[in-house]
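Data block below; observations after.
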Amino acid sequence: MANEMTSAAPDSVQCPVCFKDFKSATINGHLDVCLLKGSGPPLKKPRITAEAVPPSPGGVNKPGAGAGATFPLFQTNKSKVSAQSERNGLFISKQNATTAGNKGGKRSVVYEAEQGPAGSENQRSQTFVSNGQMLNTTPGLSPRTLLTMVKPLADMLRPNTLEEYFGQSKVVGQQTLLRSLLDSQEIPSLILWGPPGCGKTTLAHIIASTNKKNGTARFVPLSATSASTNEVREVIKQAQNELRLCKRKTILFIDEIHRFNKSQQDTFLPHVECGTVTLIGATTENPSFQVNAALLSRCRVLVLEKLSVEAMGLILDRAVATLGIRVLGQDPIYIEQKALDTIAYLCDGDARTGLNSLQLAVQAQVSSTRQNLLAQDGSPQEILVKEEHVKEGLQRSHILYDRAGEEHYNCISALHKSLRGSHENAALYWLGRMLEGGEDPLYVARRLVRFASEDVGMADPSALPQAVSAFQACHFIGMPECEVILAQCVVYLARAPKSVDVYKAYANVKACLRNHKGPLPPVPLHLRNAPTKLMKQLGYAKGYKYNPAFSAPVEQEYLPEELRGIDFFTWTPTDS
C-alpha cells in the first residue's frame, strides 16, 4: 500500500496553508508546524481536502492524482469541509481566493489570512466570535466572516475604552467630573438615564473593565427583566464576603432597573449606603418617576443624550474599518459614503440600531452573491452596498416613543403648547410623532376636546363641537383612517382665536372654595326649590323673581351673602 501511495504521489506538493512547495515525503511534518504558526494559542482550523487546494504550477491536482495518495491525513467529506470552513470563517485574500474541484458544478472557496511582503501575517487585531472567545484577525476583516456570525454587530464592536466611546462628551469628556472619578478609580453609584442605543450598557462595561484591570473591583451584571430578588440578595451576600475577605468592592450593574418594583429597589438601599456594592443602574425611563426617591438620593444621575449624526458617523466608520469594508473607490467590498450617511440619519441616534442595520445591509448583499463569490476570471466578486440597500433594511419604522413613559407626556405637552401658541405646523408635527409612535388616537382626541374648552373657550364656541365630532369619528373608524380627522381638528384649533377666561374663572372658584374659612355659606332661601308644602312654610323659594316673567332685567342676588359682589373673572385667591 505504501508503495502504491509513493508511486502515485508527485515529487513536490503545495502546502494548502502557506501555498509553498515541499517534497511529498516532508509535507505532513511541515503541515504540523504550519498549522501551529502564529502568536498566542493555536487556532483550530478545519482540515482541507486536496480538492480545495488551488492548482499548483506543477499540476498537483491532475485528475490522475487522487487526494488520498497525496494527503492521507486530510481526507474528509467535501461538503463537510465547505460547511465547516464557512462556519469557522477563514479569511479571504483578493489574490488567494480560488475555486475547488468542479464536482456537480459547485465551487468552494479557500479563505486565507493576508500575507505581508515577507510571508508573515500582518499585525492582528482581536474580534469577538459567536461563542464569546477572542479571535485574532487581520485589521481588514472579511465581511463574509464577521457577518456569518450569530452575534449582532453592535455587540461585537462594543467599545472597551473611553477613547472608543463616542457621542457623550458632556458626561465622560476630559474635563468632566465623572472622567476624573473614573481615572482615580473612585466610582460612585450611578443611574444612567437615556434612550435606547445611546451607550448606557457600554459605559457600565467600560467602567467595569477599567476596574477589573486594576483589580480594584469585581463586576456583576444583572437584568431587572429576568433577575429575582433572591438573585440580588445572593449577589449582595457574595459582595459582603468579597469585601470582608479580599477588600475588593463589587460593581453591580442592573440593566432596565425601572423594571424592579419599589420593594425590590429597597433591597439595595442599606448596601449602597454602607458601600458594600457600587450600584450602576441603566434605564430608559425618567428615574424621578421609576426609581425610589431614597435610592435616587444615594446615586448620581447621568443623563445620556441621543447620539448625534456626527457621533453615529464616527461609530459607523469604526465598524466599516473593523469589518474590512471599504468606502467606494478603495478595495474589494465597497459601501457608498452616502449609504453610511443615510444610516447615521435614519437610526435616530441609536448606535445599536445603526450598527445592526449596517450588518443587515452587508449580510443581504453577501447573501445575494454567495453562489457567485468569484468572477469569471477567478478574481473575487466585488460587493457594493448602496444607499437603496440600506434604506430597504432600515426604514424608519420605529420612533422612540413609549406610550407609558416620559416621552408620552413630553409629546402631548408639546402638542398642547403648540396649539396654544397657534403654531399649526408644530402642532401637526407633534401629532404625527405621537400617532406614528403608536399612540392611541382616542387619547389624543380626548386631549383636543379638553383644549377646545380650556384654551379656545368663548373666543370660538364652535371649537368644542368640532373636537367632540373628531373624537366620535376616531371612535368610529380608528387608525389609520382617523389620522386625517385628528389633523383637521388640530389645524382648526391652532388657527382658532384663544380665550382662557372660562378656565381661569373656574380655577378661581375652586381656589375660593378651598380657601374659605369656616363652614361654607348656605344657599339663599329664595334660590331654593320648594316642591313640598313644608318647604314653602320654611321660606324656600320665597321672594324669587322668575326672569321670563319680566320684560326688563331683574335685580336679584344669586350669591351667598358673604360673596356678594365677587367677580371670579377678575378675582385672585390673594383677594380673600
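The values are calculated or read from the model by the stated rules, or taken from the named source; none is laboratory data. Model, not experiment: these values are computed from the prediction. Backbone-built Cβ (ideal geometry, glycine too); neighbour counts: all protein chains shown.
Would you confirm whether any residue within the stretch 185-197 is within 26 Å of the chain's Cα centre (by Cα), in a helix (DSSP H, G or I) and either surrounded by 16 or more Cβ atoms within 10 Å (Cβ to Cβ) or free of Cβ contacts under 8 Å to residues at least 24 places away in the same chain (or both)? Let's see the steps before the verdict.
From the stretch 185-197, those within 26 Å of the chain's Cα centre (by Cα) are 187-197; that's our starting set.
Narrowing the set further to residues that are in a helix (DSSP H, G or I) leaves none.
The answer is no; no qualifying residue exists.
In the stretch 473-576, which helices (runs of 4 or more DSSP H) lie fully inside it and hold 1 or more residues that are touching a residue at least 40 places away in the same chain (Cβ under 8 Å)?
483-495, 501-515
Can you tell me which residue in the stretch 306-329 is nearest to Asp348 (Cα to Cα), limited to those that are of a type outside the set (A, V, I, L, M, F, W, C) and surrounded by fewer than 16 Cβ atoms within 10 Å (Cβ to Cβ)?
Let us first name the residues in the stretch 306-329 that are of a type outside the set (A, V, I, L, M, F, W, C), namely 306, 308, 310, 313, 317-318, 322, 324, 326, 329.
After this cut, where a residue has to be surrounded by fewer than 16 Cβ atoms within 10 Å (Cβ to Cβ) as well, the list is 308, 310, 317-318, 326, 329.
Numbers: Ser308: 8, Glu310: 12, Asp317: 17, Arg318: 18, Arg326: 24, Gly329: 28 Å.
Within the stretch 306-329, the match that is nearest to Asp348 (Cα to Cα) is Ser308.
Evaluate the following for Phe289: is it crowded, with 18+ Cβ neighbours inside 10 Å and of a type in the set (Phe, Trp, Tyr)? Reasoning before the result, please.
Working: crowded, with 18+ Cβ neighbours inside 10 Å: no; of a type in the set (Phe, Trp, Tyr): yes.
No.
Among the residues of the stretch 306-329, is any among the hydroxyl-bearing types (Ser, Thr, Tyr), more than 23 Å from the chain's Cα centre (by Cα) and part of a helix (DSSP H, G or I)? Lay out the reasoning, then the answer.
So in the stretch 306-329, the residues among the hydroxyl-bearing types (Ser, Thr, Tyr) come out as 308, 322.
Imposing the further condition that a residue be more than 23 Å from the chain's Cα centre (by Cα) reduces the set to none.
Within the stretch 306-329, not a single residue is among the hydroxyl-bearing types (Ser, Thr, Tyr), more than 23 Å from the chain's Cα centre (by Cα) and part of a helix (DSSP H, G or I).
Quick check on this structure: which one of Val484, Val509, Val490 is loosely packed, with under 15 Cβ neighbours inside 10 Å, assigned by TED's automatic domain parsing to the domain that holds Pro441 and either modelled with pLDDT of 90 or more or of a type in the set (Gly, Ala, Ser) (or both)?
Details: Val509 fails: assigned by TED's automatic domain parsing to the domain that holds Pro441; Val490 fails: loosely packed, with under 15 Cβ neighbours inside 10 Å.
From the options Val484, Val509, Val490, the qualifying one is Val484.
Looking at this structure, is Leu269 aliphatic (A, V, I, L, M), surrounded by fewer than 21 Cβ atoms within 10 Å (Cβ to Cβ), over 27 Å from Leu307 (Cα atoms) and out of contact with any helix residue (DSSP H, G or I) (no Cβ under 7 Å at 6 or more places or on another chain)?
Working: aliphatic (A, V, I, L, M): yes; surrounded by fewer than 21 Cβ atoms within 10 Å (Cβ to Cβ): yes; over 27 Å from Leu307 (Cα atoms): yes; out of contact with any helix residue (DSSP H, G or I) (no Cβ under 7 Å at 6 or more places or on another chain): no.
No; evaluated as a whole, the condition is false for this residue.
Taking the stretch 501-537 on its own, how many of its residues are in contact with a helix residue (DSSP H, G or I) (Cβ under 8 Å, 6 or more places away or on another chain) and among the hydrophobic types (A, V, I, L, M, F, W, C)?
First, pick out the residues of the stretch 501-537 that are in contact with a helix residue (DSSP H, G or I) (Cβ under 8 Å, 6 or more places away or on another chain): 501-503, 508, 511-512, 515, 520-521, 524, 528-530.
Of the ones still in play, those that are also among the hydrophobic types (A, V, I, L, M, F, W, C) are 502, 511-512, 520, 530.
So the count comes out to 5.
Please give the number of the condition Leu182 fails out of (1) farther than 17 Å from Leu316 by Cα; (2) modelled with pLDDT of 85 or more; (3) hydrophobic (A, V, I, L, M, F, W, C).
The single condition Leu182 does not satisfy is (2).
Take the residues in the stretch 209-226 that are in a strand (DSSP E or B) and modelled with pLDDT of 85 or more; name whichever of them is nearest to Glu256 (Cα to Cα). Lay out the reasoning, then the answer.
Looking only at the stretch 209-226, we keep the residues that are in a strand (DSSP E or B), and these are 217-223.
Okay, now just the ones that are also modelled with pLDDT of 85 or more, so 218-223.
Numbers: Arg218: 20, Phe219: 17, Val220: 15, Pro221: 11, Leu222: 9, Ser223: 6 Å.
Across the stretch 209-226, the extreme among qualifying residues is Ser223.
Just to be sure, is Ala530 at pLDDT below 90, in contact with a Lys or Arg (Cβ under 7 Å, 6 or more places away or on another chain) and small (Gly, Ala, Ser)? Don't jump to the end; show me each part of the working.
Numbers: at pLDDT below 90: yes; in contact with a Lys or Arg (Cβ under 7 Å, 6 or more places away or on another chain): yes; small (Gly, Ala, Ser): yes.
In short, yes.
Check off (1) under 30 Å from Phe451 (Cβ atoms); (2) in contact with a helix residue (DSSP H, G or I) (Cβ under 9 Å, 6 or more places away or on another chain) for Phe476 and give me the number that stays unchecked.
Condition (2) is where Phe476 drops out.
This table checks each residue for (1) hydroxyl-bearing (Ser, Thr, Tyr); (2) under 19 Å from Trp193 (Cα atoms).
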residue: Cys246; (1), (2): no, no
residue: Asp255; (1), (2): no, yes
residue: Pro270; (1), (2): no, no
residue: Ile280; (1), (2): no, yes
residue: Thr284; (1), (2): yes, yes
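Go through the stretch 262-296 and count every residue that is part of a helix (DSSP H, G or I) and within 30 Å of Ala351 (Cα to Cα). It would help to see each step written out before you state the result.
If we filter the stretch 262-296 for residues that are part of a helix (DSSP H, G or I), which is where we start, we get 262-266, 269-274, 287-290, 293-296.
Then drop every residue that is not within 30 Å of Ala351 (Cα to Cα), which leaves 265, 287-290, 295-296.
Matching residues across the stretch 262-296 total 7.
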